[in-house]
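Following: one structure in structure tokens, then a few remarks.
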Amino acid sequence: MEKDNKQKAMVDDILGKPLYSSMGMSGDDLKRPVIGIANSFNEIVPGHYNLRQVAEFVKKGIYRGGGSAVEFGTIACCDGIAQGHEGMYFILPSREIIADSIETMIRAHKLDGIVLLGSCDKIVPAMLMAAARCNIPSIIVPGGPMLGGPPFGKKAKADGTAVTEGMGMLQTGKITQEDLDNLIDVVSPTCGSCAFYGTANTMCCLAEALGMVLPGGALIPAVYAERFRSAQESGEKIVELVQKGITARQILTFESIQNAIAVCMATGGSTNAVLHLPALAYELGIDTDKVLEEFDRQSDLVPHIASVNPSSLVYDMEDFYKAGGIPKVMSHIKDKLNLDVMTVTADTMGENIDNYVYMYAPNDDLIRTLDNPHSTLGGVAIMRGNLAPDTAVAKPAAIAEEVRQFTGKAICFDSEEDCTLALEALKIKDGDVVVIRYEGPKGGPGMREMYTPMKLLYGQGLAQTTALVTDGRFSGTNNGCFVGHVSPEAALGGPIALIKDGDDITVDVINKKLTLHVSDEELAKRKAEWKYEPKQLEGYLARYAALAKSADKGGVLDIKQFLK
């Protein structure tokens, strides 16, 4: 039997060699570890525009380390370009397609290791999910954030979202059309993931906190030479991981997820992390409820110590990098971390923190210590109450203190578009709680971001006098008083579907409560009268809507239900 297995392995090995040789590889190349480079480069997504160059430096590192590099592509969508129209339905569902495509390439070609190149919202989580599935030596190389633009409004450095905020200002006569037009060419001066601490940069930072990115590698700006040096070092490291047999699941554990959650709290990361870390846990066979409970637990333990746009009007991602980035944050919260977890350096997280060499002077205002936080509240809050029996998510780090406890009258919309039209008509007033529903994983489908309504509220000067509650989600750049991921979603008959205009709603971020001030009896009556007609779908969205789990389960495709 052992002889047969050896013979089969020999045959399998020989079969692929002539095909590699047909592309110019030599016999010596094929004696080395074959390292895949999953490159999400394209000319649509600014966060991925530089990945062709980054890949070349990864290849140099792989060859220097003693491996052979084979590059392939995968899709990547831009949330910013997709905002405000039907394209946004496809953004979250694209996460599963990317994970599937990378898994397919790894398994079909029996790659020895994989370097994953990505920067943006769904791409980095998908790459983590693929690494978890395949469990081969893996490392993530981000493309880095873009630089900030000139001052605009109250921000020291503008970003791409300033144009949407400017639209709200234009609608209320605060700026002219010429002012708005002049913003377009200056607010995003370089390629890279967005200059604010949105989901893209959050997930790169959390990938570093998970141990899957070289120390400091999450935040090096896209246009810095250091970005290429880090890519080359990553190429060398992946060969070392193969040689030492260190696979993704030795790094991706519940303990490393705990570290990522701690960093999310300390830095005020995007609420979308509460979708993506449970999705990663799902791939690892970890109960997603356990991850949500960990978010809730740590929100009371880890204060917000690093403040970056949108929680800061002064600092952006370049500033965060120069202040010491994730290594500095983790050094300040060492007592709250699992320091003995393995990382892609082949050292432990504790060793990485102790050995990190800082290149710039510290910024003790941007990254503070635990005894002098920006806020004692954690960056993300898991909300509960009769409006969200299965939880919802808020971001205290981006909510002004004066509206962390807010009660107002509901004004309801059954789609993002309806709300946007109402905002353009200046129908939203001080004291309103804007409810946008039927935008969850199944109802949307695809759980669109309510970025545009929030930015228009901000531009119209309503960010601190209104609230927004939705079963959709938010961009990491949003600020104001907002709660998303309301579960169960409206399409499943959750209480959010039963709200009527004029109902009182309380958002209490301090105590993590979301309350609809309507009696249980009245809600039961409304539920009996509730009717819902699902959208007529086709193609991939039909499949996603049929299989997607709710937001509190990570919005994953629940294939496992058919395997029982």
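The values are calculated or read from the model by the stated rules, or taken from the named source; none is laboratory data. Small disclaimer: the values here were computed from a predicted structure and weren't measured. Please note: Cβ atoms are built from the backbone with ideal geometry, for glycine as well, and neighbour counts cover all protein chains shown. In case anyone asks, the SASA skips ligands and DNA or RNA and just uses the protein heavy atoms, side chains included. Shrake-Rupley method; radii C 1.70, N 1.55, O 1.52, S 1.80 Å.
Values computed for the structure shown
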read-out: Matching residues in the range 229-247 - criterion: being buried (at least 24 other Cβ atoms within 10 Å of the Cβ) and small (Gly, Ala, Ser); value: Ser230, Ala231, Ser234, Gly235
read-out: Residues of the range 197-235 that turn out to be hydrophobic (A, V, I, L, M, F, W, C) and at pLDDT below 95, as a count; value: 0
read-out: From the options Ile238, Ile220, Ile246, residue that is in contact (Cβ under 8 Å) with a residue 24 or more places away in the chain and out of contact with any helix residue (DSSP H, G or I) (no Cβ under 7 Å at 6 or more places or on another chain); value: Ile246
read-out: Count - residues of the range 30-89 that are crowded, with 24+ Cβ neighbours inside 10 Å and of a type in the set (D, E, K, R); value: 1
read-out: For Lys60: the one exception among (1) part of a helix (DSSP H, G or I); (2) more than 25 Å from Ala222 (Cβ to Cβ); value: (2)
read-out: Hits in the range 220-278 (condition: in a helix (DSSP H, G or I), among the small types (Gly, Ala, Ser) and more than 18 Å from the chain's Cα centre (by Cα)); value: Ala225, Ser230, Ala231, Ser234, Gly235, Ala248
read-out: Failed item in (1) assigned to a loop (DSSP other than H, G, I, E, B); (2) crowded, with 23+ Cβ neighbours inside 10 Å, with Val469 passing the rest; value: (1)
read-out: Search result, residues across the range 284-317 that are open to solvent by 30 Å² or more (accessible area, probe 1.4 Å) and either in a helix (DSSP H, G or I) or among the aliphatic types (A, V, I, L, M) (or both); value: Ile286, Asp289, Lys290, Glu293, Asp296, Arg297, Leu301, Leu313, Val314
read-out: Residue list for the range 318-335, filter: within 25 Å of Gly192 (Cα to Cα) and either of a type outside the set (Gly, Ala, Ser) or in a helix (DSSP H, G or I) (or both); value: Glu318, Asp319, Phe320, Tyr321, Lys322, Gly325, Ile326, Pro327, Lys328, Val329, Met330
read-out: Check on Asn338, closer than 18 Å to Met212 by Cα, in a helix (DSSP H, G or I) and in contact with a helix residue (DSSP H, G or I) (Cβ under 8 Å, 6 or more places away or on another chain); value: no
read-out: So Ala281, is it closer than 19 Å to Ala551 by Cβ, in a helix (DSSP H, G or I) and out of contact with any Leu (no Cβ under 6 Å at 6 or more places or on another chain); value: yes
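Yes or no, residue by residue, for (1) surrounded by 12 or more Cβ atoms within 10 Å (Cβ to Cβ); (2) touching a Ser or Thr at 6+ places or on another chain (Cβ under 8 Å); (3) polar (S, T, N, Q):
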| residue | (1), (2), (3) |
| --- | --- |
| Asn479 | yes, yes, yes |
| Gly484 | yes, yes, no |
| Ala497 | yes, no, no |
| Asp503 | yes, no, no |
| Glu521 | no, no, no |
| Lys527 | yes, no, no |
| Lys535 | yes, no, no |
| Glu538 | no, no, no |
